[in-house]
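The structure appears below as structure tokens.
We did not get these values from a lab; they are worked out from the coordinates using the rules stated. This one's a predicted model, so the numbers in the text were calculated from it and none came from an experiment. Please note: Cβ atoms are built from the backbone with ideal geometry, for glycine as well, and neighbour counts cover all protein chains shown.
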Amino acid sequence: MISWVGINISKSKLVVWVQPQNDGFDVPNSSEGFVELIQRLNRYEVGRVLLEATGGYERQSMVALQNAHFNVLRINPRRARAFAVAMGKNAKTDPIDAAVLAAFAEALHAPCDPVISPQREALRELIQLREHLVQQRDDNKRRLQQAQLPAVVGMIEEHIRYLQIQIRQLGKAINQSMRDLDAEKTERLIAVKGIGTVAAASLLVYLPELGELNRREIAALAGIAPYNDDSGNHSGKRQIYGGRARVRRALYMSCWVVIRHQADFKARYEALRERGKSAKVALIACMRILLIRLNAMLRDGTEWR
């Protein structure tokens, strides 16, 4: 009998539910707890383990489960909550949430997440630290415009200089780390005019499926696929929805550079604008084509054309 597992994750513990056996238990969110979790799950023929993204608290348990050869899928908490409401589960506790995730694991037809490699984890940490430092630098630049006291101005300027040095050093570390992860994909991505080191690293970390899916799947995963909004005689405006925001941020500035330097993208963008499309809509359309072409390039092992 195939079992389905839902795990509600917090900083201190993992609350687990196995169905249809209706076996509920909890273990610490620690290496010792992961050992106990795997030992208990090995008693069942597990079809899938479903857990929510919880700000990183789920990452180590996910790695442990993948290393133990379980099929693991991580989803956005909004999807799990929407499923709970659809099932009439309005109450919310950790055991209830785990049971809802187990039921969702059985109902959900989706590929499991790629295995988290140590190299990808290392690159992710570097990228996220750089994002944090860039945010700090930009916040300080805004504070500098409002500062009046010379001593305050001096300290803010000194902090900005320090952050700039740290960001440059992180850039070098990211460049090396992404090559350690996948040198071939790295070279193909950065060979594209407009895809810099940070954008390429972000794609490798936040979209590891790049080069493995078809054009519709990769666009939907990034959240730049337009969805219909039609019902009866109503024909609504198509809109993008969901997806991975960090992938869209990585593609945003890169796509502007591509539009500026590549004639076919520039022509596509200008044609959309001439048809009355807003700049944002035209840019999203170009981002989708850019991602689809990058996906095809990596999938087929070809050069950028």
By a straight-distance test (C-alpha under 21 Å), which lysines pair with Lys185 as possible cross-link partners, with residues fewer than eight away in the same chain excluded?
Lys172, Lys193
In which sequence would Ser10, Ser3 go, from the one with the fewest C-beta neighbours within 10 Å to the one with the most?
Ser10, Ser3
Residue-ordered couplings for segment 34-44, obtained by feeding phi - 60° into the Karplus form 6.51 cos²θ - 1.76 cosθ + 1.60 and rounding to whole Hz (Gly and Pro as x), are 5, 4, 5, 4, 5, 4, 6, 6, 5, 6, 10
Across the alpha-carbon set of segment 132-217, Rg over Rh with Rh taken as the Kirkwood radius works out to 1.17
Quick one: Cα convex hull volume of segment 42-83, Å³ per residue?
74 Å³
Considering the dipole of segment 185-305 built from charges on the beta carbon (Lys and Arg +1, Asp and Glu -1) around the Cα centre, which of Gln262, Gly223, Gly211 is farthest to its positive end?
Gln262
May I ask for the distance between the Cα centers of segment 83-117 and segment 226-257, given as a whole number of Å?
25 Å
How big is segment 107-160 along each principal axis, measuring the range of its Cα positions in Å and listing the largest first?
60, 27, 9
Using all C-alpha to C-alpha distances in segment 148-305, build P(r) with 10 Å bins and read off the rounded percent in each one.
10, 32, 29, 17, 9, 2, 0
Give me D for the chain in µm² s⁻¹, whole number, from Stokes-Einstein with Rh from the Kirkwood sum over alpha-carbon pairs, 10 °C and 1.306 mPa s.
72 µm²/s
For segment 89-135, state the average projected area of the convex hull of the C-alpha atoms over all orientations, rounded to one decimal in nm².
6.0 nm²
Over segment 118-202, what relative contact order in percent results from Cα pairs under 8 Å that are six or more residues apart?
40 percent
Picking from Met87, Met178, Met62, which is most flexible by a Gaussian network model of the chain using Cα springs under 10 Å?
Met87
Calculate one ³J(HN,Hα) per residue across segment 261-275 by plugging θ = phi - 60° into the Karplus curve 6.51 cos²θ - 1.76 cosθ + 1.60, and present them in order as whole Hz with x for glycine and proline.
10, 10, 4, 5, 5, 4, 5, 5, 5, 5, 5, 5, 5, 5, 7
Sequence gap at least 6, Cα distance under 8 Å: using those rules, report the relative contact order of the chain to the nearest whole percent.
13 percent
Whole-Å distance, taken between Cα centres, linking segment 26-61 and segment 159-203:
32 Å
How many percent of the alpha carbon pairs in segment 2-107 exceed a separation of 23 Å?
15 percent
Along its principal axes, what span do the Cα atoms of segment 215-300 show, with the longest given first and each in whole Å?
42, 30, 23
Restricting to aspartates and glutamates and to Cα separations under 13 Å from Lys13, and discarding same-chain partners fewer than 8 apart, the set is Asp26, Glu32, Glu36, Glu58, Asp94
Sorting Ser202, Ser278 on the 10 Å Cβ count, fewest up front, what's the list?
Ser278, Ser202
Report, largest value first, the span of the C-alpha coordinates of segment 1-64 along each principal axis, in whole Å.
32, 21, 18
